[in-house]
Structures are given as C-alpha cells and as structure tokens.
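Accompanying notes for the structure given below.
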Amino acid sequence: MEDIPVTEADLPAGSDPDLRRGLFQEGYESASDYGSCKKLGKSVPHFTSTGNVLFPDVFQTNNLLFYERFEAYKDYLLGDGKPSEVEEFIGEYVEKAIEPTGWKAVWHTDIFDVLVEVTDVDASSLKAVVRLCEPLLSESRVSGVGAEGIGDLLEVKDQKVPLQELYVVFDDSGDFDQTALVVEHVRFFYQHIWRPWDEEEDDRLDFFVRCVEPRLRLHYDILEDRIPSALVSEYHKLLSECEEVYARFTNLRNSLSNKDSDSDSELDNVSMVEGMKMDDQMENLKRKLKLIENPLLRYLFCYQRNSGSHSVKAKGLRQAGGRVIHIVSTTMTFATLQDLMTERLQPENSSRNVEIQFHRDPLEAVNACYEGDLVIICPGRYEVYGVIGIADSIELEGYGLPDDVVIEKKGKGDSFVDCTGAHVKISNVKFIQHEGVEGIISVHSGKAELDNCVLQCETSGVTVKNSAELLMKYCDLYGAKGAGIEIYPGSNCILTGNGVHHCRDGILIKDFIDIVYDTPKIIMENNVIHNNEGYGVVLVKPAATLDVLNEEPEESEGHNPEEKAKEHEAPLDVLLPPLDIEACDVADEQKYTASVGQEEAEGNHAITNELVANSRRKIVMKKRLSTLGITKADDDKLTSQEMFVSIVGNQFKRNGKGSFGTFLF
C-alpha cells in the first residue's frame, strides 16, 4: 500500500507551531545534513503484514531527522544526566509528555500484531496498560498463536506491554501527535542508542556527550551510506559479540552472588577467573566499538582498512592455464553478439578454444577474473554496490564510446575502483561516483592505465598512492570536491592529453617532510586544466622544509648571515605561487616574473621551476639533517631524483587562483 499524505492544513488551527514542524518536515530546512527530509504523517507502518488483516494507519515516526532526535535527547529526555540517571530522566519525560489513556496502538512483536487500546501508562517502568480492542484485530506470524493465546499472554504480563512495542494509531484530531513522538523517541533510544552495559560505565561523565551523540551520528552515517559497508558489518559483529559476552558475564556474576557462603570455594575461584577473562574480553570489545563510534577515531583508524580492496589478494594464473574473456551486458541481442565477435573477439583471439563467460554485473565479472583476463563491457548503464577491487593484471574495456558504457557507484561509504594489480588497464568507460571514502579510482600499488575514460566524481578524483604508477591519457575528469588528481610521494605519473576541470583544484602533488627520498616522477604533456575553483596544479609541502633551509649552518656553500636574515624577514604566503632563488637563476626569475598574468604561457614554466626547486630543497634539507647526525647523506640518489621528467604543452585556462600554487602545512 502507498503512504497516504497528510498536509499541515489537516492539523487543528491552534496546534503548537513546534509540533507542526516536528510532524510535517516539508518546507523546513534541516539544521544538519544527516537524514532525509520527510514528513511524519498518516501512513501504513513498515511492519504491516501482507496477509489478510488490514490494520489502521499509524503515525510514521521512523523517518525523523538527525537534528530532531538530537534535540529531543539533549533537551528533553537526557540533558546532562549520568548513565545511572538515564532511566529516571526518561521516565520523567514520558510522564510529562505522553497521553496516559484514550489512544489506540498496534502492539507489534516478532510473533504477532494486535490492535490494543491504552488505558494507562506506567512511566517509571516505561510500560503501557492495554486491553484488546473489540472486535479483535490480530495477525500471527506463527501458527497456533490465536486470540486466546494473546489474551493469556496479556494476563501473564498484568496487561502491561513495553512502550517501544507500540505503534500509535493515527488520529486526525492532533491530540496524540506528541504521544506518537514520545513513543518513537523511547523506542529508538533502546533499539539504537542504549547498551546493557552503559549503566556500569563511569558515572562521572555526561552520558549524552560520551555515548548518545556519537552513536546517533553513527546511526545516521550508516543510514546515509557514509561508512564503508565492511566497517558497518564489523561494527554490528562487534556489537553482537559484546552483547553475548555481557550476557554470559552477567549470568556468571548473578550465580556467584546467589551462592551460599558454604559452597565449594574451588569452583568459585574457577568461576571468578573465568569472569575476569570475560571482563577483559568485554573491555576490549567496548574499546573497539568506541573506536568506530567516535567520528574522528573512526576516520583515522578504521576507514583505511575497510574502505577499499586493500585486503583483496591476487589470484594469479589459473591452474589449468589459459585466458578467459568476460562479457558484461544487461541484455545480449544476436546483433550485438555478432558485432562483438566480428569487431573485437576474433581480432583479439585467433584461437577458437578461448573461454568466454557472460555476466550482468561489472563487479561480478572483475571478481571472477584471474591474471591476464579481459573484461569487455557492452553499452549500458550498470549500478555497482560494492568496491571494484582489481588485484590481478587484467584489462577492463568498454565496447563503444565512454558515454555509452556507464558504471555508476551506489552507496557513499565505500571506495569505487581500487587498483593493486601489477598492470591494470581500463579504457572506454564512464565512471559516475556519488561521494565516497576515497577517490573515484585509487591506485594503491602496481601500474594502472586509464585510456579514453570519463570520470564524473564528487570526492578526490584519481588518487595515486606511494610507489604506485599511473598512465592516464585522453581522459575527461570533472566534478571533484577535492583535487581532480592526487599524486603521493614516490609515485610515477604520466598524464597526456587529459581534461581536468570543474574541480576544487586540478592536480595536487603531495610532498611530506618525513619522506626525504620519495619525490614523485611526473610527466604532464598536452593536458587542458581549466575552470577549477582553486589552482590548476597545487604542491603541498611542509613549512618545516623552509625552516630547515633557514637554519642551515653558515659554513654551507652559497649562504651568508645577511642573506639568511633577509629570508627570515620575508613574509610567507602559503597560497602564493613562489619562485625559489636556489632553484632558478636570475634570468629564469625575470622570465617568470614577466609572464605573470599570462596563465597559459606561464603555467608549464612555473610548475617546472617549483618542482625542480622542491627537489633541491630536499638536497639542502638532507645535508642539514646529516650535519645533525640524523641521517646519512646520499647526494647521488637525491640528485638522480632532482629532475621532473617533462611538463610541457599543457594549457591552463580560467582557474580561479591561477595555474600553480603551493600550500605549506
């Protein structure tokens, strides 16, 4: 059944404006980017059975925004209470805010649903006193549980059921709108926020700040696919393990406390040792949970091992040998197959014994690959919900133009394409990314070759990690919120004939203080870098490098105290395209200065000068560190990495801050 919308006009004219905002979210902007903007209104609950029983519509309360729940728990339910005060605070809130009687609800359990009427609310125990409605309306998911069984169960429970098992039936009078929200807040808290061991935690700290807010943010991060799926699975697994260990620990503790003083002391000692082991296990699991729940710690320690295919291992060659061609297509017509055979398969393989496998999903095809396989993707639009992890040397080729072969990433928490194979080639494919942990394509190791691809991205575009190699030619990359291409120290990059545009920055080159030797090797030829918000090319380097230069001993060649004093007096603009006097002679400086304002002409020259200058800075820093006894100078190795291979023929147009800049950190 479809949801039946309720408009704001359906509320009584005198309704509380805050209540109206809480129930009807359309037209009101969220104060947070967590959650989706939906309205609370008359709709069928998600748990309604598809059987023959039609229950009344209930308030749709499970789509509240992050800031609504945040505000409710912070300002009304919990405040600055301690863990031991949580139950009392929530009971006080329920007593003040809920209607004690006169409303109906669907009592939902794992076994049955039944319509009940609430006659009273016991706020201290968070339970409602109910009676079955006449005529009886119920539905069981287990055979043998009928009206009589439900009635007997209610008698055993003294007619009391937990509030969190009730779903308030919609009433257009407006009298029970607040009641529906109260029940939802209680239900959500005990389902997603509260842990059985929380009450035993340190009672000196603010429970909301320490536990509620991080867990609430985590819940919405998971809901919005902001977290890698592997990390989500790990969190749920840890949570289940922790609950299981805590239950065993609690049972053991209760059994020891109920024993007589005359019981077997030897058995008690064994139980206590076992209890101590479980307590240590509990503490270890809780630390891991907090590591994932804390946003900063989650990013620093958990994302890298869960965001991509770093753990995917190469399969190598097939035991039986041979090469397999994987054909990916949502539908395969005879005409398409005939064209594919004539234009691609027969020229590729003269042997008639080559195996061909057919797939409907590119991820499925890549996962089935071994060393040397070929994946051909037929025209179509493919949605991928996992990480395309390429650990073997394979080819991934679109059959047609890139705009006809589209792979779109679904789910924001995972990486998109992770390359770790010795030689991976991708051509004629358009990739569309919707947020993510890393760039649209990440080259972690080995060599990746991108040819005639379109990369529509939202994070950091193509990322080339330490010791990895990228050959990217005739590709179109745009839309990155960060840099279009990120180049890490120690990597090799050949960029030829590409367009990089409409990103925050075009190309970002990273150079860190703790990596003295690993200078990236870069070839940039005939690229068009335009319409980026910041610079066409940005070099990120530590300001400490310049500090080391300024502190160089007076006996070093080419320096005197007066020159050093001038260097200290010079202002440092961290986002100003610099020209290093050590790296270039006076003629180069004059040539560079005269070309300022002519972005196309000065781009290649400025980048070349700064990269060479940066390499020489490393030589000076290395000598300085050597005099301090920190490391051993190796001038030959440094000199061999001084030259950046080729940066010519590139065009820089309409970049917001110019063609080239540096950022010191």
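The values are calculated or read from the model by the stated rules, or taken from the named source; none is laboratory data. The shown structure was predicted, so the numbers you read here are calculated from the model rather than taken from an experiment. Note that we place each Cβ from the backbone using ideal geometry, even for glycine, and neighbour counts take in every protein chain shown. Ligands, DNA and RNA are stripped out before the accessible areas are found, and what is left, the full protein with its side chains, is counted by its heavy atoms. Shrake-Rupley method; radii C 1.70, N 1.55, O 1.52, S 1.80 Å.
Brief remarks follow.
- Couplings 3J(HN,Hα) of region 484-492, computed from phi: x, 10, 10, 10, 8, x, x, 8, 10 Hz, in residue order, whole Hz [Karplus 6.51 cos²θ - 1.76 cosθ + 1.60, θ = phi - 60°; x for Gly and Pro].
- For region 354-394: rounded, prolate or oblate by the Cα gyration tensor [a/c cutoff 1.5]: oblate
- Contact order relative to length of region 443-488, as percent, for alpha carbon pairs under 8 angstrom and 6 or more apart: 47 percent
- Above-threshold pairs, the threshold being 28 Å between Cα atoms, out of K288/K315; K237/K410; K521/K653; K409/K473; K160/K277: K288/K315; K160/K277
- Surface exposure of region 179-279, expressed per residue as accessible area with a 1.4 Å probe, stands at 52 Å².
- Measuring with a 1.4 angstrom probe and ignoring ligands and nucleic acids, Y73 comes out at about 0 Å² accessible.
- Expressed per residue, the C-alpha convex hull volume of region 90-198 stands at 117 Å³.
- Relative contact order of region 352-448, taken over Cα pairs closer than 8 Å and 6 or more residues apart, is 25 percent.
- Positive-end extreme of charge dipole, region 139-206 - chosen from V142, L163, V183 (charges on Cβ): V142
- Taken one residue at a time, the phi angles of region 649-661 give Karplus couplings (6.51, -1.76, 1.60, θ = phi - 60°) of x, 7, 10, 10, 10, 6, 7, x, 10, x, 7, 8, x Hz. Gly and Pro are set to x.
- Taken about its Cα centre, region 60-197 carries a charge dipole of roughly 440 debye when the Cβ of each Lys and Arg holds +1 and the Cβ of each Asp and Glu holds -1.
- Cα gyration tensor category, rounded, prolate or oblate, for region 327-410 with a/c compared to 1.5: oblate
- Alpha carbon convex hull of region 329-480, projected area averaged over orientations, nm²: 8.5 nm²
- Tensor-based shape of region 135-269 (alpha-carbon gyration tensor, a/c under 1.5 rounded, otherwise prolate or oblate): oblate
- Heavy-atom accessible surface of I377, to the nearest 10 Å², is about 0 Å², with a 1.4 Å probe and all protein chains retained.
- 10 Å beta-carbon shell around V366, net charge (K/R +1, D/E -1): -4
- By accessible area with a 1.4 Å probe, ligands and nucleic acids excluded, highest first: order of D172, D392: D172, D392
- Portion, in percent, of the accessible area of region 98-196 that falls on carbon or sulfur, probe 1.4 Å: 48 percent
- When only the Cβ of Lys, Arg, Asp and Glu is charged (+1, +1, -1, -1), the dipole of region 313-379 relative to its Cα centre reaches about 220 debye.
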